[in-house]
Amino acid sequence: LSLIKEVSEFPVSDKQTLEAFRLKYISKKGVVGELFDELKQVPNEQKKSVGKILNQLKQTAEARFTELNEKLESSDSSSVDIDLSLPPVANKTGNLHPLTLTRYRIIEIFERLGFNVADGPEIEDDWHNFSALNFPENHPAREMQDTFFVEKKQSADSQDVILRTHTSNVQIRMMEKQKPPIRAIMPGRVYRNEAISARAHCFFHQVEGLYIDKNVSFADLKQTIFHFAKEMYGKDVKLRLRPSFFPFTEPSAEIDVTCLICKGAGCVVCKRSGWVEIAGAGMVHPNVLKNCGIDPEEYTGFAFGMGIERVTQLRYQVGDLRLYSENDIRFLRQFHSSD
Ligand code: PHE
């Protein structure tokens, strides 16, 4: 009788203890089986009552086993109460920054024309940012690009260390390292010491382009930019080149594209004239080629530099430059790679 009590109180909490319970009592070699074997030795007159108790024990053990098994089965994780017809909770995915989206698009267009992608340092020496690009010492052109200085020149044989004011430093680094033909674009961040406003910032992004080979002409430059503009803004876009000056290109031009004059709040970049500047460009100055060990008698080339913010403004009608670096999630969430 005490065994009946033991059987009904045996602690079972999981599948393992249930199995232990089965082995101990119910299996062939278990306690109950052994007792039935011993029944043969019990004197005849007691067999009936002992047998009755043993049957009771057997039934109790088996009933408990079935009960416990069912209980465990139903609390199994696979049968937890889940409503499979409910719609899933949407995953919140991030999205790429609008400047990144524009950069990817620019790269895609130029890669199809056979341009490689290169980059260079943002902390640069005077040679790569200015001198090699044919900016004479103390020339006012250096002041056109208000420079952030990291370290002022210490002695006659050292140089100023600065934050690059344009991506043109990468042109120099490429030409110093690599023999023509060179055909690459160089996206990156640049810095200028300007007061922050809707239309100016102390850092922004450019994509430099460089193509050096035999017989590269100004017509190649124009067609390359024209192709880019059509891919970026649609085939109806028109291109306008205005004469300009950069120390490192001759002749130089500023390149405008047509844009819609929109009356909405966002279209600050589009001037009344309907033209907006997208790039500075020109034929690489012979002095620059010489500075990099390339013979200007043998090779010619063009270079251009455009602002990624400006291209993005035209694409997405964002009027205020500060929005790009404020990290306001309400702004950032509006841009998707399919746009
Ligand atoms: N580096 C020039 C700027 O930042 C742009 C430019 C690049 C012009 C290449 C001509 C050729 O204003």
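Structure notes:
- Scanning the range 114-137 for residues that are part of a loop (DSSP other than H, G, I, E, B) and either polar (S, T, N, Q) or farther than 17 Å from residue 190 by Cβ (or both) turns up 114, 115, 134, 136, 137.
- Matching residues in the range 140-175 - criterion: being in contact with a Gly (Cβ under 7 Å, 6 or more places away or on another chain) and more than 11 Å from the ligand (Cβ to nearest atom): 173
- Of note, residue 130 satisfies the criterion of being buried (at least 19 other Cβ atoms within 10 Å of the Cβ) and farther than 23 Å from residue 101 by Cβ.
- Helices (runs of 4 or more DSSP H) wholly inside the range 1-42 that include at least 1 residues being more than 60 Å from the chain's Cα centre (by Cα): 2-9, 31-38
- Of all the listed residues (216, 284, 269), the sole one being on the phi < 0 side of the Ramachandran plot, modelled with pLDDT under 95 and touching a strand residue (DSSP E or B) at 6+ places or on another chain (Cβ under 7 Å) is 269.
- Candidates 4, 53, 26, filtered to the one that is closer than 30 Å to residue 72 by Cβ, open to solvent by less than 100 Å² (accessible area, probe 1.4 Å) and modelled with pLDDT of 85 or more: 53
The rows are residues; the columns are (1) hydrophobic (A, V, I, L, M, F, W, C); (2) under 28 Å from residue 225 (Cβ atoms).
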residue	(1), (2)
130	yes, yes
133	yes, yes
150	yes, no
171	no, yes
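- Within the range 214-226, tally of residues that are surrounded by 15 or more Cβ atoms within 10 Å (Cβ to Cβ) and under 34 Å from the mean Cα position of the chain (by Cα): 6
- Members of the range 313-336 that are among the polar types (S, T, N, Q), open to solvent by 80 Å² or more (accessible area, probe 1.4 Å) and over 16 Å from residue 95 (Cα atoms): 317
- Screening residue 178 against (1) open to solvent by 20 Å² or more (accessible area, probe 1.4 Å); (2) within 16 Å of the ligand (Cβ to nearest atom) leaves a single unmet condition, (2).
- In the set 306, 283, only one residue is part of a strand (DSSP E or B) and open to solvent by 10 Å² or more (accessible area, probe 1.4 Å); that residue is 283.
- Test: residue in the range 140-159 that is of a type in the set (A, V, I, L, M) and outside any helix (DSSP H, G or I): yes
- Being open to solvent by less than 50 Å² (accessible area, probe 1.4 Å) and touching a Phe, Trp or Tyr at 6+ places or on another chain (Cβ under 8 Å) holds for only one residue in 72, 96, 101, and it is 101.
- Restricting the range 196-206 to residues that are part of a strand (DSSP E or B) and in contact with a Lys or Arg (Cβ under 7 Å, 6 or more places away or on another chain), the residue that is farthest from residue 313 (Cα to Cα): 203
- Within the range 177-199, residues that are closer than 30 Å to residue 215 by Cβ reach partners that are small (Gly, Ala, Ser) and surrounded by 12 or more Cβ atoms within 10 Å (Cβ to Cβ) with beta carbons closer than 6 Å, at six or more positions or on different chains, in the pairs 184/118; 185/209; 186/118.
- Only one entry in 225, 212 is within 18 Å of residue 292 (Cα to Cα) and of a type in the set (A, V, I, L, M), namely 212.
The values are calculated or read from the model by the stated rules, or taken from the named source; none is laboratory data. Quantities reported herein were computed from a predicted structural model and do not represent experimental measurements. All Cβ positions, even for glycine, are placed from backbone atoms using ideal geometry, and neighbour counts span all protein chains on display. Accessible surface areas use protein heavy atoms only, side chains included; no ligands, DNA or RNA. Shrake-Rupley method; radii C 1.70, N 1.55, O 1.52, S 1.80 Å.
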